[in-house]
Amino acid sequence: MDHGTFPWLDFRSDTRTVPDARMRAAMSGAEVGDDVYGDDPTVTALEEQTAELLGTEAALFTPTSTMANLLAPLAVPGPGSPAPRVIAGAGSHIAFLEADGLRRFGGVGLQTVEQRPDGLPDLDALEDLLAAGADAPTVVCLENTSMMWSGNALDAEATRTVAALAHRYGAHLHLDGARLANAAVALGVPLRELAEPADSVTFSVSKGLGAPVGGLLCGTRELVARARESRTWLGGSLHQAGVVAAPALVALGRLPDLAGDHATAAALAAGLESVRGVELLRPPRPTNIVMARIAGLTPDACAERLAAHGVRVLPLPNGYVRFVTHRSHDMIGVREAVRALAAVAETASTFR
Ligand SMILES: *Cc1c(COP(=O)(O)O)cnc(C)c1O
């Protein structure tokens, strides 16, 4: 039986947050120009504020974080140079969902590296890859928080370790920080501290921060200028983009709210863990993602049975289903989700 989808029981992703009244008011009142001519004041304000938050010289607004991740390797080698190779964690968003785009639209070859349980790449394996292609321009990508590792938050020290290794081989470190704000809030440090070791950073306003669309590529003035040019070729330059930059500015003012999402996730994890037959992936520095599995059930079967109880989750190739908490969730939804998983675990053990 399908009970439909209620936002408070939909744990598939924090992209499912919808713009609230304040964001809609900001959109309708947004001052706009033409960003292709560089005179949309709302976009400019968003780029300046994001660069300030992340401690970079400049930032570029992109329709999605996927595009920001594609622009980073395009912008690294400079005009006329061959596309670099990209090395990314095997369980990262880039490897999982962006490899074809990088290859087809960027001419970029992707190499993947195994990740440790905290989400950091296996450093020996990374060094082997770096050494084997030391003469090719290379971009190493690191994801924070680490999606497939239960949203683990990496601290600045961890990022510095990867940056130092990349730099030793002349490579560029790109930080896919679509959820970097979650990491900063969980660790209690400013965003700029987590961004500092990287040479470029992707930041998202449309995940838990709740804006309808948008990512930003942050880095040096030179890199951002090159990315701005490539954004035009990709068809990502938007004219009156202030309309979507305005809710993104509201999102930037809400960073501390993410702590609420983390508290919800902690309550959910505690509840799910108390269910017999359920196993969780427990990261060292949890944020707003909880990965669970039921012995004997595939992620697809588990997600399907939860959906029959009205609870929506995302089945993943790592054997788990993913719950992501965000501003639409509360303790009533958490209790409902725990009850649903308990019911699914009960039937799974009965029929095993
Ligand atoms: C969501 C996400 C992206 C892609 O963001 P879109 O704006 O949906 O394109 C990229 N990287 C990571 C780590 C993400 O979580």
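For the chain, take the longest principal axis of its alpha carbons; what is the angle in degrees between that and the long axis of helix 299-308, to the nearest 10 within 0 to 90?
So the inclination is approximately 60 degrees.
Would you mind checking the tilt of helix 123-132 against the longest principal axis of the Cα atoms of the chain, expressed as 0 to 90 degrees and rounded to 10?
40
Can you tell me the accessible area per residue over the range 31-253, all protein chains present, probe 1.4 angstrom, in square angstrom?
Here the residues of the range 31-253 average 37 Å² of exposed surface.
Just check the chain against the gyration tensor rule for me: Cα atoms, a ≥ b ≥ c as the square roots of the eigenvalues, rounded for a/c under 1.5, and otherwise prolate or oblate depending on whether a/b exceeds b/c. Could you put the intermediate results ahead of the total?
Details: a/c = 2.02, a/b = 1.33, b/c = 1.52.
The shape class here is oblate.
Would you work out what percent of the accessible area of the chain, with all protein chains in place, is carbon or sulfur (probe 1.4 Å)?
Answer for the chain is 54 percent, counting heavy atoms of protein chains only.
In the range 249-269, whose amide N lies under 17 Å from the spot 7 Å out along Cα-to-Cβ of A25? List them in ranges.
249-254
Using Cα atoms only, what is the angle between the long axis of helix 156-168 and the major principal axis of the chain, expressed in degrees (0 to 90) to the nearest 10?
Rounded to the nearest ten degrees, it is 50.
Provide the per residue accessible area, probe 1.4 Å, for the range 273-321, rounded to a whole number of square angstrom. Before the final figure, lay out the partial values.
Numbers: 2360 Å² over 49 residues.
Spelled out: the 1.4 Å probe surface of the range 273-321, per residue, equals 48 Å².
R0 = 35 Å: FRET efficiency of W8 with T347, Cβ-based, nearest 0.05?
Efficiency, rounded to the nearest 0.05: 0.90.
From the phi angles alone, apply the Karplus equation (6.51, -1.76, 1.60; θ = phi - 60°) to the range 207-215 and give each ³J(HN,Hα) in whole Hz, x where the residue is Gly or Pro.
So the Karplus estimates, Gly and Pro as x, are 8, x, 6, x, 5, x, 8, x, x Hz.
Put a dot 7 Å past each Cα toward the Cβ at Q240 and D300; how far apart are the dots in nm?
Going by the 7 Å Cα→Cβ label model, 4.5 nm.
The values are calculated or read from the model by the stated rules, or taken from the named source; none is laboratory data. Keep in mind that this is a model prediction, so the values were computed, not measured. Using ideal geometry, Cβ is built from the backbone for each residue, glycine included, and neighbour counts are taken over all protein chains shown. Note: areas computed on protein heavy atoms with side chains; ligands, DNA, RNA excluded. Shrake-Rupley method; radii C 1.70, N 1.55, O 1.52, S 1.80 Å.
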